[in-house]
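Structure, as structure tokens:
The values are calculated or read from the model by the stated rules, or taken from the named source; none is laboratory data. As the structure is a prediction and not an experimental result, all values here were calculated from the model. Cβ: placed from backbone, ideal geometry, glycine included. Neighbour counts: every protein chain shown. Please note that ligands, DNA and RNA were not included when accessible areas were found on the heavy atoms of the full protein model with its side chains. Shrake-Rupley method; radii C 1.70, N 1.55, O 1.52, S 1.80 Å.
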Amino acid sequence: MIWGLARVPLPAVLLFCAAALAGQALRNHFESDGLGREPAFFDFVVLGAPGVARWNVTGGHNPPSAPNYVAQIVPSRPKDSIAAAVRRNSSYRDGTWSVALLKSGGRGGVVFRMTDEKNFLVLLVDPESREATLSAYRDGKPTELAKGSVAIVNEWGFLKISADGGKVSATWDGKPLLEATDPRPAAGRSGLATAGPGIASFDEFILEPAEGR
């Protein structure tokens with residue numbers, strides 16, 4: 001049995017696998033996942049400092065893809081510990097990654113270009129300070145690449161990351177957020193990410209590789 005697939009109807013499995021093989025967008029809305037369970041098609045890892053994490057499908061807060069969304073639900077976590085839900089069947093260097101983030105709770109965002117658990121990029125938005133930080137981890141050591149500020153207006157905000165070679169940029173609710181250069185661009189996996197204390201909530205996670213990448 002492949003973990004996370006047993007409770008998903010076979011047609012859905014075939015659809016996701018076909019999309020991955022074709023290089024098409026993978027759209028994760030979580031409306032078909034059971035409440036109180038881990039989301040299907042994801043692997044769960046902790047990056048950086050050790051820490052406990054738990055991911056659940058939940059409801060409420062009028063998510064963009066009602067009625068469900070996904071949350072990391074352990075509220076007390078170390079500041080430098082990154083909990084990540086990494087999407088299966090997807091690995092690419094160039095393209096876009098987008099996610100909806102609930103305005104309250106802990107820092108949330110996206111880990112991408114993840115070649116292994118010590119080498120990746122991560123962009124996190126802090127709803128309290130309204131600060132966004134893009135960092136590169138190389139051999140487990142973080143380097144800050146760029147910072148930006150978000151204007152939190154609605155209950156859910158939309159983060160979108162674009163990457164093409166060394167160029168990385170991000171928008172928040174369609175407005176420019178930050179730009180940076182990745183000194184070592186590489187293809188890798190991607191997923192939902194949260195760091196430090198607080199419950200972070202996510203919806204509408206969309207992965208779209210550039211054609212031929």
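Which residues, taken from segment 115-137, are loosely packed, with under 14 Cβ neighbours inside 10 Å and either among the basic types (Lys, Arg) or closer than 21 Å to Ala200 by Cα (or both)?
First, pick out the residues of segment 115-137 that are loosely packed, with under 14 Cβ neighbours inside 10 Å: 116, 118, 128-129.
Correct list: Lys118, Glu128, Ser129.
Can you tell me which residue is least open to solvent (accessible area, probe 1.4 Å) among those in segment 61-77 that are of a type outside the set (Val, Ile, Thr), in contact with a Pro (Cβ under 8 Å, 6 or more places away or on another chain) and closer than 12 Å to Thr194 by Cβ?
Per the criteria, the residue is Arg77.
Any residue in segment 156-163 that is in a strand (DSSP E or B), touching a residue at least 40 places away in the same chain (Cβ under 8 Å) and farther than 23 Å from Ser65 by Cβ?
Yes; the residues of segment 156-163 include at least one that is in a strand (DSSP E or B), touching a residue at least 40 places away in the same chain (Cβ under 8 Å) and farther than 23 Å from Ser65 by Cβ.
How many residues, within segment 78-114, are surrounded by fewer than 16 Cβ atoms within 10 Å (Cβ to Cβ) and within 16 Å of Ile206 (Cα to Cα)?
Looking only at segment 78-114, we keep the residues that are surrounded by fewer than 16 Cβ atoms within 10 Å (Cβ to Cβ), and these are 78-80, 89, 104.
Going one step further and asking which of them are within 16 Å of Ile206 (Cα to Cα), we end up with 89.
Here the count works out to 1.
Just give me the residues in segment 164-177 being farther than 19 Å from Asp94 by Cβ, small (Gly, Ala, Ser) and in a strand (DSSP E or B), in sequence order.
Those that are farther than 19 Å from Asp94 by Cβ, small (Gly, Ala, Ser) and in a strand (DSSP E or B): none in segment 164-177.
Quick one: in segment 178-213, of everything that is more than 17 Å from Asn119 (Cα to Cα) and part of a loop (DSSP other than H, G, I, E, B), which residue is most open to solvent (accessible area, probe 1.4 Å)?
Step by step, filter segment 178-213, then rank; the result is Glu211.
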